[in-house]
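Following: one structure in structure tokens, then a few remarks.
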Amino acid sequence: MTAFLFVTDLDHTFVGDDNALGELQQRLSQQRQEQGAKIVYATGRSLTLYHELKAEKHLIDPDALITAVGTEIYEDDSKDVPDSTWSEKLSQGWNRELAVATAAHYSDLVPQEESEQRPFKASYYLSEEAAVEVVPRLEAQLQERGLDVRLIYSGGKDLDILPRLGNKGLAVEFLRQQWGFDGTRTVVCGDSGNDIGLFSVGESRGIIVGNARPELRQWYDANASDRHYLAQAHCAGGILEGLQHFGFLQ
Ligand code: GLC
Ligand code: MG
């Protein structure tokens, strides 16, 4: 077997079933040691909240880390300065102040904690009921103001405003090309709206865990393909199932 690039979201995907996580981490460590597999976490969390989760769940060291919904890439998680080439790409056409000032007109948008406000990400809480009307209105208004942004609604509660290129999938492409992995030897895993980017970019194999949120299931139904596998099992159990389905693990 040849090496593969393993990319996973953390909350409710890699993390969520401690027993299955233990087994998956053991299998992945072995693949990394014996076959040269590489492991990447792609999370919506900031570096600060990532480190909290890593300590709490004893996560193995990744070979690279993508945080803040694809807007920051770290060569390894002991660094605290993100890859500058990626930051430069994202800064084109991005105006955080204007995006935040526009969002401030919407009383349904409640700013998330300070740690989650990042240079290329403005994040809010927004209820599911309000989202139906607020998201398209805000999107249109941001566009009218000349902002080329991407709005991502996840988990029935989080709204992120990001630069157009701020996307987990594009960040993975950046690492994949740098490391020279074939798209067909890349596998991505996720459960919610901010993971759609992982599944829609390139030719990676995709594992959607059994506990996936409605926004990702709807996307899966509308974009059915042999490249994507909807697992029965939840969280790390679903990942193990998907890795076997695609033949990455025996
Ligand atoms: C994580 C981040 C939060 C973001 C959410 C969805 O929970 O901490 O800021 O809104 O992911 O992308
Ligand atoms: Mg998740």
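The values are calculated or read from the model by the stated rules, or taken from the named source; none is laboratory data. Source: prediction; values computed, not measured. Here the Cβ positions follow ideal geometry from the backbone for every residue, glycine too, while neighbour counts run over all protein chains shown. The area values use the complete protein model at the heavy-atom level, side chains included, leaving out ligands, DNA and RNA. Shrake-Rupley method; radii C 1.70, N 1.55, O 1.52, S 1.80 Å.
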(request) Find the residue count for the range 48-84, including only residues that are open to solvent by 60 Å² or more (accessible area, probe 1.4 Å), assigned to a loop (DSSP other than H, G, I, E, B) and out of contact with any Asp or Glu (no Cβ under 9 Å at 6 or more places or on another chain). (result) 4
(message) Can you confirm whether Arg164 is among the basic types (Lys, Arg), closer than 20 Å to Ile73 by Cα and open to solvent by less than 80 Å² (accessible area, probe 1.4 Å)?
(response) no
(message) It is to be established whether one or more residues within the range 6-15 are assigned to a loop (DSSP other than H, G, I, E, B) and closer than 20 Å to Gly166 by Cα.
(response) yes
(message) Given the options Ala37, Ala103, Ala42, name the one that is more than 23 Å from Val172 (Cα to Cα) and either crowded, with 16+ Cβ neighbours inside 10 Å or in contact with a Pro (Cβ under 8 Å, 6 or more places away or on another chain) (or both).
(response) Ala103
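Please verify whether the range 226-240 includes one or more residues that are in a helix (DSSP H, G or I), open to solvent by 30 Å² or more (accessible area, probe 1.4 Å) and assigned by TED's automatic domain parsing to the domain that holds Leu28.
No, the range 226-240 contains no residue that is in a helix (DSSP H, G or I), open to solvent by 30 Å² or more (accessible area, probe 1.4 Å) and assigned by TED's automatic domain parsing to the domain that holds Leu28.
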(request) Quick one: in the range 12-34, of everything that is buried (at least 18 other Cβ atoms within 10 Å of the Cβ), within 18 Å of Gly190 (Cα to Cα) and not hydrophobic (A, V, I, L, M, F, W, C), which residue is farthest from ligand 1 (Cβ to nearest atom)? (result) Asp17
(message) I want to confirm something. Restricting to the range 57-101 and keeping residues that are of a type in the set (S, T, N, Q) and closer than 14 Å to Arg150 by Cα, which single residue is modelled with the lowest pLDDT?
(response) Gln92
(message) Within the range 45-57, does at least one residue satisfy the condition of being more than 16 Å from ligand 2 (Cβ to nearest atom) and of a type in the set (D, E, K, R)?
(response) no
(request) Run down Ser46, Ser87 and say which single residue is among the polar types (S, T, N, Q), farther than 21 Å from Leu5 by Cα and either more than 19 Å from the chain's Cα centre (by Cα) or within 16 Å of ligand 1 (Cβ to nearest atom) (or both). (result) Ser46
(message) Ile39 - would you say it is closer than 28 Å to Arg150 by Cβ, within 16 Å of ligand 1 (Cβ to nearest atom) and either hydrophobic (A, V, I, L, M, F, W, C) or free of Cβ contacts under 8 Å to residues at least 40 places away in the same chain (or both)?
(response) no
(request) For the range 178-199, indicate whether the set of residues that are open to solvent by 30 Å² or more (accessible area, probe 1.4 Å), farther than 16 Å from Lys38 by Cβ and not polar (S, T, N, Q) is non-empty. (result) yes
